[in-house]
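Read the structure below first, then the notes.
The values are calculated or read from the model by the stated rules, or taken from the named source; none is laboratory data. Everything quoted here is computed from the prediction, not taken from an experiment. Positions of Cβ are generated from backbone atoms using ideal geometry, with glycine treated the same way; all protein chains shown enter the neighbour counts. In case anyone asks, the SASA skips ligands and DNA or RNA and just uses the protein heavy atoms, side chains included. Shrake-Rupley method; radii C 1.70, N 1.55, O 1.52, S 1.80 Å.
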Amino acid sequence: VQETDLWQGGPCMPSRICCVHTLRLTTLLTAALLAVASVFATPSGLAPTCMADELAWHDSLESALEQSHTTGKPILAIFTGSDWCPHCKTLEASVLKSTSFREWAEANVVLLEIDMPQVGISREVRVARSRVCHTYGIRSFPSVVLIDQEGTAVFKDSGYTGQSAPLWIDMVAKHLPERSNAVAGKPPVQSTYR
């Protein structure tokens, strides 16, 4: 058997094989460099994530009530139509994703989002969320309801008129029940956005 028959490509084939080996080596080195870079990119050695800045939102009233009982904080329920309601999208972008809202919410409330999109949820989920809307008399989106540990609404507001995050937070904060802030002997957290 001649060498050219062995490679089935004539005398050019060995250089192609070298190119393949070079490509494999380059790919392995690139992967190794990316792995090392990701370790040094964050102090913990974990890959960076955007979720570090995100708030935890409940999507069921029952789980929000359970956390409310555990933490002593009231529930801030946002009723929204995420894929069709323009004012809901503006509220989310202007207030709910702001740093000031995140800091205030982490210290003061349990978050509940009741989303009623046009598509993307099952009939069973839609019915369950509709019951929560009915319970709190929600007829328009966006709506916000502050709910105490017993499940009673203590404040309700509908619509969003473009307030800044600090103004919107103050609108809600002045209705926080006193006992909801007294968690584990800590003094109440007052709003600093007045």
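Counting only other residues whose beta carbon sits under 13 Å from that of Val109, what net charge do I get with K and R as +1, D and E as -1? All intermediate terms of the calculation are to be shown ahead of the outcome.
Working: positive: Lys73, Arg102; negative: Glu103, Glu106, Glu113, Asp148.
Residues near Val109 contribute -2 overall.
Please compute the per residue accessible area over segment 110-154 with all protein chains in place, 1.4 Å probe, rounded to a whole number of Å². Can you show the working numbers first?
Details: 2400 Å² over 45 residues.
Accessible area per residue: 53 Å².
Hey, which aspartates and glutamates would be in cross-link range of Lys156, C-alpha to C-alpha under 15 Å, not counting anything within fewer than 8 residues on its own chain?
The reachable aspartates and glutamates, counting only those whose Cα sits under 15 Å from Lys156, are Glu113, Asp148, Asp170.
Is the C-alpha gyration tensor of segment 46-165 telling us rounded, prolate or oblate? Criteria: a/c under 1.5 is rounded; beyond that, a/b larger than b/c is prolate, otherwise oblate. Don't skip to the end; give the middle numbers.
Numbers: a/c = 1.28, a/b = 1.10, b/c = 1.17.
Verdict is rounded for segment 46-165.
When you count, for each residue, the other Cβ atoms within 10 Å and take the mean per peptide, how do 147-159, 109-121 rank with the highest first? If you can, show how the numbers build up before the last one.
Numbers: 147-159: 15.5, 109-121: 17.6.
Peptide ranking by packing, descending: 109-121, 147-159.
Based on the Cβ-Cβ distance from Ser164 to Glu66, what FRET efficiency comes out when R0 is 25 Å, to the nearest 0.05?
Numbers: r = 32 Å, r/R0 = 1.30.
The value I calculate is 0.15.
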